[in-house]
Amino acid sequence: MAPEYLCYRAIHGAMVADARTERSAARVPAEPDPNQDLAAELLGAIAAVRRSLHRRSGLSGMLRGLTGSQLELVRLLRRQPGLSVAGAAAELRLAPNTVSTLVHQLCQLGVVAREEDLADRRVTHLRLVAEASSLLAEHHDQRVLALAEAASRLSAKEREGLQRARVLMDRLACVLCEDRAPPGRPEPAGGRSARGAGR
């Protein structure tokens, strides 16, 4: 046989073999991803704890009905009063215009107050009003007591396991933050963007 014909047959045979291999691979079901199973179980456990704490220590007064994003900002301002919009955005890893929208909403609800910076009037500092701060402190204490009481029913070994899990959850949160969209990209805040909400 001519060398050209033999070469053609070799190439054709290799292509047919590759096609058969691809079809066989397509028929093989994908291996289940244990990481996805773990992620689903973690989300379920976290949600169950949050629901239980909410039933034991629900928000009251002006804090009742706040969205998750609003509450996240309110809790941040309790820990770090006087932040600017840009500072809060950096802490929460949100876009500044997203935090500006949240601030506008919370100011309308009377939960957050703006204060102008004495040195730079273009900068606005954010603080919780006294009533909101008091309600949030009470709510936080109730949640801590409820969780502490539940933890006291566990064995010492189980509480040690919770402590190790807490360290890992902190690490997981850091990894998730690293994977989030870069600052400046808008993220939903449950409302339309507000202009002039302060810097």
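The values are calculated or read from the model by the stated rules, or taken from the named source; none is laboratory data. Bear in mind the structure is a predicted one, so any value in this text is a computation, not a measurement. No Cβ is skipped: glycine too gets one built from the backbone with ideal geometry, and neighbour counts run over all protein chains shown.
Would you check which residues across the range 91-116 are in contact with a strand residue (DSSP E or B) (Cβ under 8 Å, 6 or more places away or on another chain), surrounded by fewer than 19 Cβ atoms within 10 Å (Cβ to Cβ) and in a helix (DSSP H, G or I) and list them?
Going residue by residue through the range 91-116, those that are in contact with a strand residue (DSSP E or B) (Cβ under 8 Å, 6 or more places away or on another chain) are 91, 103, 106-107, 111-116.
Now restrict to residues that are surrounded by fewer than 19 Cβ atoms within 10 Å (Cβ to Cβ): 91, 107, 113-116.
Selection gives E91, C107.
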Tell me, please, whether a residue that is in contact with a Lys or Arg (Cβ under 6 Å, 6 or more places away or on another chain), buried (at least 16 other Cβ atoms within 10 Å of the Cβ) and hydrophobic (A, V, I, L, M, F, W, C) can be found in the range 68-85. yes
Looking only at the range 117-164, how many residues end up being surrounded by 12 or more Cβ atoms within 10 Å (Cβ to Cβ), of a type in the set (S, T, N, Q) and in a helix (DSSP H, G or I)? 3
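Quick one: would you say R55 is under 25 Å from E149 (Cα atoms) and without any contact (Cβ under 8 Å) to a residue 12 or more places away in the chain?
Numbers: under 25 Å from E149 (Cα atoms): yes; without any contact (Cβ under 8 Å) to a residue 12 or more places away in the chain: yes.
It is true that R55 is under 25 Å from E149 (Cα atoms) and without any contact (Cβ under 8 Å) to a residue 12 or more places away in the chain.
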What's the number of the only condition in (1) of a type in the set (D, E, K, R); (2) modelled with pLDDT of 85 or more; (3) closer than 30 Å to A132 by Cα that D37 fails to meet? (3)
